[in-house]
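Each remark here refers to the structure printed beneath this line.
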Amino acid sequence: MKTYREIQGGRKKGARGVLLASLVMIMLVLQACGNNTGSGNGAPAAGGNNTAEAAGSGTAAATALAVLNFGFIGSNKLNVPGGAEGWGFYKGIIQEELKKYGITEVKLTGFPNGPDQTESLISGRLDFGSLGDTPAIIAYASGAKTRLISQSSAHTVGYLIGKKDGPKTVKDLQGKTIAIQKGSFMHRYVAGLLQQEGVTDYKLVHMLIPDATAALARGDVDATTNLGVPALKLIDEGYTHLDDASKHPDLLGSSATVVSEEYLEKFPDFPKVWNEAREKALADLKQHEDEYYEFLAEIGNTTPELAKQVNPISDIKDTAFTEEGTKLLEGTKNFLVEEKLAKKDFNITDWQLQ
């Protein structure tokens, strides 16, 4: 038989056990409430030094926000674009800024053209990306749920290159075959140019730039479009420089940085965060101009001198939107709608997130 002291000791231990269990339950409830309070849709709040853990450790939303998927046009050994964005990624400036908001990894993917990139954005494989204005406009007019958050350049020059011993002027393309990248800025440039020059009988064939260049060399096409350093190299090799967009301000291209509406639901303040990070990268770039052109030369497989000629720093915009850029977007959109390359008309301001 237990003594009175043994019985009392057992009662005290039992009471302590009940008390401890109660405290544990209270702590768990408070922790659950704390995780839910202020988390909303799981996005980290902009303006603070939040981490992925603070956004909700272990949740699917936190994991999704910790990794940012970015697409750009081009392919190079550094796997980064040019411009302030590319410089920012290359130097780690953008990554450091994004870490303040719980984004611990940025995955960059290069695409051969804009339509391929928009397809990945629409399917959810990308969160946002930078591409030419034409494919971005065509995608939005077709129902893509994207928003335009910046236009970092408004001076993209397309070139129209003729085959050797072929057409000498744009008018000589009457009845000829031209290789273009369907749905790209260069498609819009060539279609607009031919319209202005009164060329009505021609055939456009879709080819990526490497295939188009090879077809031009074989004489399978009469002309093709190209950009930047590769275009200048073709001209140096004896191909005919028929025209370029620098002669037609209304046919210049611009860049478009778009983000999916799905990602914006998770992180509504992302446009502000991204543009501030980009502006910091641009400010740093301007302090290291020679190094920047060496960087461009490396990703473009060219020389710093040629990189400076084709992509001068002065072409990079220091704000998300400019009057000049918006006017160019409006003109491009109107042309695409008139030519039925864009499915429906819309207001550029409805697409922009200012």
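Does the stretch 282-339 come out rounded, prolate or oblate by the C-alpha gyration tensor, with a ≥ b ≥ c the root eigenvalues, rounded set by a/c under 1.5 and, if not, prolate when a/b is larger than b/c and oblate if not?
It is oblate, given that a/c is not under 1.5 and a/b is not larger than b/c.
What's the magnitude of the charge dipole for the stretch 80-207 around its Cα centre, counting Lys and Arg as +1 and Asp and Glu as -1 at the beta-carbon? Answer in Debye, nearest 20.
The dipole of the stretch 80-207 has a size of about 180 debye.
What does a probe at S246 reach in the stretch 310-324, counting residues whose amide N is under 16 Å from the point 7 Å along Cα→Cβ?
Zone members listed by number: 310-316.
Return the FRET efficiency for the residue pair L208, E289: r is the Cβ-Cβ distance, R0 is 45 Å, and the value is rounded to the nearest 0.05.
Efficiency, from the Cβ-Cβ distance: 0.90.
Let me make sure I get this right: for the stretch 158-251, a, b and c are the square roots of the gyration tensor eigenvalues over alpha carbons, sorted descending. Under 1.5 in a/c it's rounded, otherwise prolate if a/b > b/c, else oblate. Which is it?
rounded
Report ³J(HN,Hα) in whole Hz for each residue of the stretch 318-330, in order, from the Karplus equation J = 6.51 cos²θ - 1.76 cosθ + 1.60 where θ = phi - 60°; Gly and Pro get x.
Couplings: 9, 10, 4, 9, 10, 4, 4, x, 5, 5, 5, 4, 4 Hz.
Between the stretch 302-334 and the stretch 115-135, what is the C-alpha centre distance in whole Å?
Taking the Cα centre of each part, the stretch 302-334 and the stretch 115-135 sit 20 Å apart.
Taking amide H positions as placed 1.01 Å from N in the peptide plane, with prolines and chain starts having none, which residues 5 or more places from K182, or on another chain, fall under 5 Å of its amide H?
Amide H to amide H, under 5 Å and 5 or more residues apart or across chains, K182 pairs with M207.
Have a look at the stretch 185-297 and give its Rg and Dmax from the Cα atoms, expressed in angstrom.
19.2, 52
Only the coordinates and a few stated rules stand behind these numbers; no lab work does. Owing to the predicted nature of the structure, the values given are computational and were not obtained by experimental measurement. All Cβ positions, glycine included, derive from the backbone under ideal geometry; neighbour counts span all protein chains shown.
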